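Enquirer: My questions all concern the structure below.
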Amino acid sequence: MKLIPSTTNQKAMALGAIAGMRAMTAPAILSNHFANSHSFFLDGSSLGYLQKSGVATGMKVLAVAELIGDKLPFTPKRIKPLQLMPRAFSGALVGATIAESNGESRITGALYGLVGAMAASYVFYYLRKNLVKVSGIPDGAFALMEDALALKVGTSILKD
């Protein structure tokens, strides 16, 4: 029995974790990647729409809106159920897409993406909360650092 997940499943979990940080950033990065570098496994698939440049552009617009919305004082905590659901869905979506693009099980990929999203939602919520408390640096500064981390790590996950 293999205890270490495949490279595809590792990528699914890692990009799922990006979804836990920023729900729209992960699918925006993924869609942009596949709009520029098609996977024949996604052609004709129900997930193939993510390879369309118009979808990639729309995802990027939604991701920017989310990055702005995260900084607003009335934005609910990411660990509230209504905030967790889009992160979980996003993680499952990116995980399934990565798996299918590599000819692997989209269900397994979705589960890895979901686990990554849920874990990262809690980890980064409490990390940010504790960093603010310990450092005295405003939450907004850590939010911007988290944005940069999500973008940098998210794009590096999909580099071959």
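The values are calculated or read from the model by the stated rules, or taken from the named source; none is laboratory data. All of these numbers come straight from a predicted model, not from anything done at the bench. Glycine also receives a Cβ, built like all others from the backbone with ideal geometry; neighbour counts cover every protein chain displayed.
Enquirer: Could you pull out the residue among PHE142, PHE124 that is out of contact with any Pro (no Cβ under 6 Å at 6 or more places or on another chain), closer than 14 Å to ILE18 by Cβ and surrounded by 17 or more Cβ atoms within 10 Å (Cβ to Cβ)?
Expert: Numbers: PHE142 fails: closer than 14 Å to ILE18 by Cβ.
Result: PHE124 is the single residue among PHE142, PHE124 that is out of contact with any Pro (no Cβ under 6 Å at 6 or more places or on another chain), closer than 14 Å to ILE18 by Cβ and surrounded by 17 or more Cβ atoms within 10 Å (Cβ to Cβ).
Enquirer: Sticking with this structure for a sec: Run down LEU149, LEU111, LEU93 and say which single residue is closer than 15 Å to HIS33 by Cβ and within 14 Å of the chain's Cα centre (by Cα). Before the answer, list the steps.
Expert: On the way: LEU149 fails: closer than 15 Å to HIS33 by Cβ; LEU111 fails: closer than 15 Å to HIS33 by Cβ.
Of LEU149, LEU111, LEU93, the one residue that is closer than 15 Å to HIS33 by Cβ and within 14 Å of the chain's Cα centre (by Cα) is LEU93.
Enquirer: Please work out which one of (1) part of a helix (DSSP H, G or I); (2) touching a residue at least 40 places away in the same chain (Cβ under 8 Å); (3) closer than 17 Å to LEU158 by Cβ is the condition ALA28 fails and give its number.
Expert: ALA28 satisfies all of (1) part of a helix (DSSP H, G or I); (2) touching a residue at least 40 places away in the same chain (Cβ under 8 Å); (3) closer than 17 Å to LEU158 by Cβ except (2).
Enquirer: Quickly run through the range 145-160 and pick out the residues that are of a type outside the set (Asp, Glu) and touching a residue at least 60 places away in the same chain (Cβ under 8 Å).
Expert: Start the filter on the range 145-160 by keeping residues that are of a type outside the set (Asp, Glu), which leaves 145, 148-159.
Scanning the range 145-160 gives LEU149, ALA150, LEU151, VAL153, GLY154, THR155, ILE157, LEU158.
Enquirer: Continuing with the same structure: Would you point out the residue of the range 31-44, among those that are in a helix (DSSP H, G or I) and free of Cβ contacts under 8 Å to residues at least 60 places away in the same chain, that is surrounded by the most Cβ atoms within 10 Å (Cβ to Cβ)? If you could, list the steps in order and put the result at the bottom.
Expert: Step one: list which residues in the range 31-44 are in a helix (DSSP H, G or I), which gives 31-36.
Now narrow it down to the ones that are free of Cβ contacts under 8 Å to residues at least 60 places away in the same chain: 31-32, 35-36.
Working: SER31: 26, ASN32: 21, ALA35: 17, ASN36: 10.
By that ranking, first place goes to SER31.
Enquirer: Shifting gears a bit: Test SER121 against the stated conditions and say whether it is hydroxyl-bearing (Ser, Thr, Tyr) and within 12 Å of the chain's Cα centre (by Cα).
Expert: Values: hydroxyl-bearing (Ser, Thr, Tyr): yes; within 12 Å of the chain's Cα centre (by Cα): yes.
Yes.
Enquirer: Can you name the condition, by its number, that LEU114 falls short on among (1) at pLDDT 95 or above; (2) surrounded by fewer than 20 Cβ atoms within 10 Å (Cβ to Cβ); (3) of a type in the set (A, V, I, L, M, F, W, C)?
Expert: For LEU114, the failing item is (2).
Enquirer: Sticking with this structure for a sec: Could you run through the range 45-104 and say how many residues are under 16 Å from ASP147 (Cα atoms), buried (at least 20 other Cβ atoms within 10 Å of the Cβ) and without any contact (Cβ under 8 Å) to a residue 24 or more places away in the chain?
Expert: 0
Enquirer: Regarding the range 32-40, can at least one residue be identified that is within 18 Å of ALA120 (Cα to Cα), under 15 Å from the mean Cα position of the chain (by Cα) and modelled with pLDDT of 95 or more? Give the derivation first.
Expert: Start the filter on the range 32-40 by keeping residues that are within 18 Å of ALA120 (Cα to Cα), which leaves none.
So far as the range 32-40 goes, no, none of its residues is within 18 Å of ALA120 (Cα to Cα), under 15 Å from the mean Cα position of the chain (by Cα) and modelled with pLDDT of 95 or more.
Enquirer: Would you check if there is a residue in the range 99-109 being under 21 Å from LYS60 (Cα atoms) and either out of contact with any strand residue (DSSP E or B) (no Cβ under 7 Å at 6 or more places or on another chain) or of a type outside the set (Gly, Ala, Ser) (or both)?
Expert: Looking through the range 99-109, at least one residue is under 21 Å from LYS60 (Cα atoms) and either out of contact with any strand residue (DSSP E or B) (no Cβ under 7 Å at 6 or more places or on another chain) or of a type outside the set (Gly, Ala, Ser) (or both).
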